Amino acid sequence: MRRRLRRIGALVRLSLLELWRRNDLFALLVLALALLVPLSLARPFGTAGATRFYDDAALLLVWGYSIFVSLGVGARLFPGEFASRSIYPLLAKPVSRGELLAGKYVGGVVAAWSALAFFYALWAVSSALRGGDGLSLCLLQAFALHAVFSALVVAAAVAGSFLLTPSANATLLAILFPAMLFFGRRLPEFAEGARGPVRLLARAAYWIAPHAEFFDMRQRLVHGWGGVDPAVFLAAAGYGIAYALLLLLLARFLFERKSL
Amino acid sequence: MNENVFELSGVCRSFGALKAVDDLTLSLARGEVTGFLGTNGAGKTTTIKMLIGLLRPTSGTVRLFGGDPADAATRARIGYMPETAYYYPYLNVRELLAFYGGVCGMDRRTVRSRTEELLEEVELADAARRPLRTYSKGMLQRAGIAQALLHDPDLLVLDEPFTGLDPLARIHFRNLLRRLRDRGKSIFFSSHELGETELLCDHVAIMKRGRCIYHGPVDRLAGDGRGNLERLFLDVLEKGVVA
């Protein structure tokens, strides 16, 4: 067990090193910060409504950045190893494909979470400076659900990387997750108004596609509505974890059968 | 000393209609150094991939230390260096070895001490802080052999280890492999370098179109009147003369 943990720990560290030594992520981080900080600190004309609008925009940026980071990390975990052939000496070591998948996945998730935690901490500080709640139950719930969502995105990107080319995988998921975030809750309405195969497709999408909107607490944070009921919070988190596990099982099935 | 470190029996591997390895039977005795020769596309790399558990044979059996190479625990006794040594360009060689040590389940103290020994052995101690992306081909090969030796394996499997090395690096590498042989390590390597193979090996196996058409000791070559390995290689491949 100790050896297994060491193996997984080594893979986690590698994923973190890879993320933090990539210059393109730093460039994006700086860009996001440059946009996020002024938006969060701004008090246009002292109007509460306008301040909330800026808060909403700042949190939207956090969501956009987290999807980018999670997809970027998840979609590169395995294709990079295959392209550079570093997968060969790695799998020649006493590590199973399941352990490799688990270690790289956990590493990818921790990397995505570290970026997410940084942004939420920044938002909490700016909120406190403006006389807001700062560190509140609502913020903790929002962060936790967002973290589950990130883990789900990484799992989807990992599973997709065994089925599609890296660019096709990243493009498809970059459309799917934002589409579900903004339009997922409206799919039943859309299905009601549609006919024939479109109706069927909309209903299928509602039941099959991952519901990103379940993890989105931006409106509660912005308008100060407080946290959600613990049962609702646990149900949403459980849904995300179960969905991520299903995707990881699919990824493992595909990886075990992949010829190298 | 007759215990075999690996045994391949009637192994076949197909990729669609292409039969990359066809009815291959081959073994390596403990402490033996065998060169695995053949033209491009002869099935050497496919055989090596089956040997280290990366590929499953279509038929036949592969036994490594009496076990299945697909089993992670069995692979703890082998060290593998791939033909093209592309590792993680953003790591330095110490970080690379720390990573592979962790993957092997080694504790940090052991990894640290082995790293220092190996960096001296492969002469990379002075370049240990440089990222791998700044390494030359020869330095990457040495980093590759260091990662293969890190967990002190009983069998070394090397895919084209001399490719791209300059003459000095070849001599260093050859001497390193000799030291490992003298320590009782079994070594199996594929190569196109007949001279290096003849200097290093006890045995050679020659592949042609997925089949092993010669497997025998190197020191019999002169006695057979074949003169040297190059002559044997050409005889076997071109004239179909099998010893």
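The values are calculated or read from the model by the stated rules, or taken from the named source; none is laboratory data. Just so it is clear, the structure is predicted and the values come from calculations on it, not from any experiment. Heads up, the Cβs are rebuilt from the backbone with ideal geometry, glycines too, and the neighbour counts pull from every protein chain shown.
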Here are B:G35, B:G53: which of them is in contact with a helix residue (DSSP H, G or I) (Cβ under 9 Å, 6 or more places away or on another chain) and more than 14 Å from every other protein chain (Cβ to nearest Cβ)?
-> B:G35
Scanning for something more than 9 Å from every other protein chain (Cβ to nearest Cβ) and of a type in the set (K, R), does the range B:80-99 turn up at least one residue?
-> yes
Only one of these conditions is not met by B:A42: (1) surrounded by fewer than 21 Cβ atoms within 10 Å (Cβ to Cβ); (2) part of a loop (DSSP other than H, G, I, E, B); (3) away from chain A (no Cβ under 13 Å). Which number is it?
-> (1)
What do you reckon, is A:P178 in contact (Cβ under 8 Å) with a residue 60 or more places away in the chain and either surrounded by fewer than 19 Cβ atoms within 10 Å (Cβ to Cβ) or not in a helix (DSSP H, G or I) (or both)?
-> yes
Only one of (1) part of a helix (DSSP H, G or I); (2) out of contact with any His (no Cβ under 6 Å at 6 or more places or on another chain) is not met by A:G184, so which one is it?
-> (2)
Residue set A:R220, A:R203, A:R252; condition more than 19 Å from A:L145 (Cβ to Cβ), in contact (Cβ under 8 Å) with a residue 24 or more places away in the chain and either among the β-branched types (V, I, T) or in a helix (DSSP H, G or I) (or both); output residue A:R252
Could we say that B:V5 is touching a Ser or Thr at 6+ places or on another chain (Cβ under 9 Å), in contact (Cβ under 8 Å) with a residue 24 or more places away in the chain and within 22 Å of A:S96 (Cα to Cα) here?
-> yes
How many residues of the range B:111-160 are surrounded by fewer than 21 Cβ atoms within 10 Å (Cβ to Cβ), in a helix (DSSP H, G or I) and not polar (S, T, N, Q)? The answer is 16
Looking only at the range A:207-232, count how many residues are surrounded by 14 or more Cβ atoms within 10 Å (Cβ to Cβ) and within 19 Å of A:V153 (Cβ to Cβ).
-> 10
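Residues are listed down the side, and each one gets a yes or a no for (1) acidic (D, E); (2) modelled with pLDDT under 70; (3) out of contact with any helix residue (DSSP H, G or I) (no Cβ under 7 Å at 6 or more places or on another chain):
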residue	(1), (2), (3)
A:L11	no, no, no
A:L14	no, no, no
A:E18	yes, no, yes
A:L25	no, yes, no
A:L31	no, yes, yes
Positions within the range A:76-103 being basic (K, R) and either more than 14 Å from A:A155 (Cα to Cα) or within 9 Å of chain B (Cβ to nearest Cβ) (or both), in sequence order = A:R85, A:K93, A:R97
Of the candidates B:E121, B:E116, B:E160, the one satisfying the condition of being within 21 Å of A:Y88 (Cα to Cα) and charged (D, E, K, R) is B:E160
Could you tell me which numbered condition B:R56 fails, if it satisfies all but one of (1) assigned to a loop (DSSP other than H, G, I, E, B); (2) over 28 Å from B:Y100 (Cβ atoms); (3) modelled with pLDDT of 90 or more?
-> (2)
Can you tell me which of A:L145, A:L116, A:L139, A:L122 is in contact with a His (Cβ under 9 Å, 6 or more places away or on another chain), away from chain B (no Cβ under 14 Å) and buried (at least 16 other Cβ atoms within 10 Å of the Cβ)?
-> A:L116
Over the range A:75-93, the set of residues free of Cβ contacts under 8 Å to residues at least 40 places away in the same chain, crowded, with 17+ Cβ neighbours inside 10 Å and either aliphatic (A, V, I, L, M) or in a loop (DSSP other than H, G, I, E, B) (or both) is A:S86, A:L90, A:A92, A:K93
